[in-house]
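*Asks:* Below: one structure in structure tokens.
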């Protein structure tokens, strides 16, 4: 089994914002974008545009005039980049206006176009920006991806776990962490060779991806023959069911003498501690549960005692 290029994160949707105090120009560009399957919002001035960016914050490209009431285009560019530096901006201005290409690029814009312009010219600039964004996304994926298995790597695990724990705490939903360790992996390598061992690691990665919720659960190669799975928005019963499914599907393959041990813990934020300590505690409890599974001979799942206690309390309270 070769390394798979899994699509583990939901692809970003394209969304445009057109900003111009001239309603005719604004609607012309918006209609053009709609015809090319590019959903867009519109704003009649920089102040209105900035409000939309603060509320939504997820625009792909902003197309803006320079000279507008309230907030001019250059000021808008700088403020947008402070909110979300990943938004690309195309600046539009009329011939004769004293604005230079250098000025808008230094302000943070991606490109520049002068009125009157052909829509073909605007289309070409948008396509160039989208191609560059796609290339950046691919390069970014390489920094997140484990080169052997194709799932996320240890470095991205640390970054993503912190974000997911913060999100779970803010939105008040449960989050679980499962740590896996492959039993008898050294013996498997000694018996069948390192290429077979690599194939086994890729097999587990594939099983983890196919056994979990797409764009919700997050699989990682934690290191060596250790793997991790972040499970947001599910209770302990569901987290255990997902983990059991992975172990069972792994055992259905020809993996002898290798098998899987797993430990599960639920994230708990202690208000009297720094948030980072609560995350460290989650990893420690999952690791201790995994150690107990290994002590019992492997090929099993152990749920952290504190997680079981919390799950039991929640069950009683729900009756």
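Each reported figure results from applying straightforward, stated rules to the coordinates on display, with no laboratory input. Just so it is clear, the model here is predicted, and its values are computed rather than measured. For neighbour counting, all protein chains shown are included, and Cβ atoms are generated from backbone atoms with ideal geometry for every residue, glycine included.
*Asks:* Looking at segment 107-252, I'd like the Rg to Rh ratio, where Rg is from alpha-carbon atoms and Rh is Kirkwood's inverse mean 1/r.
*Replies:* On the Cα set of segment 107-252, Rg over Rh gives 1.16.
*Asks:* With n ≥ 4 as the cut-off for DSSP H runs, can you work out [θ] at 222 nm for the chain, using -39500 (n - 2.57) per run divided by the number of residues, rounded to the nearest 500?
*Replies:* For the chain, the value works out to -16500 deg cm²/dmol.
*Asks:* For helix 275-295, what angle does its Cα long axis make with the longest principal axis of the chain, in degrees from 0 to 90 and rounded to 10?
*Replies:* Between the helix axis and the principal axis of the chain, the angle is about 30 degrees.
*Asks:* Taking 0.36 nm per residue of separation and subtracting the Cα-Cα distance, what length does fully extending residue 245 through residue 24 add?
*Replies:* 73.8 nm
*Asks:* Which length gain, in nm to one decimal place, applies between residue 190 and residue 54 when the Cα-Cα distance is subtracted from 0.36 nm times their residue separation?
*Replies:* Answer, rounded to one decimal: 43.3 nm.
*Asks:* Return 310, 76, 33 ranked ascending by Cβ neighbour count within 10 Å, so the fewest neighbours appear first.
*Replies:* Lowest count first: 310, 33, 76.
*Asks:* Could you quote the convex hull projected area for the chain, Cα atoms only and averaged over all directions, in nm²?
*Replies:* Dividing the Cα hull surface by four gives the mean projection, 21.3 nm².
*Asks:* For segment 154-318, how big is the tail of P(r) above 28 Å, as a whole percent of Cα pairs?
*Replies:* Everything past 28 Å amounts to 20 percent.
*Asks:* Provide the gained length on full extension for the span residue 312 to residue 252, in nm with one decimal, where the gain is 0.36 nm per separating residue minus the Cα-Cα distance.
*Replies:* 18.5 nm
*Asks:* Å³ per residue of the Cα convex hull, for segment 16-140?
*Replies:* Taking only Cα atoms, segment 16-140 has a hull volume of 103 Å³ per residue.
*Asks:* For 270, 188, which order do you get if you count the other beta carbons within 10 Å of each Cβ and list the fewest first?
*Replies:* 270, 188
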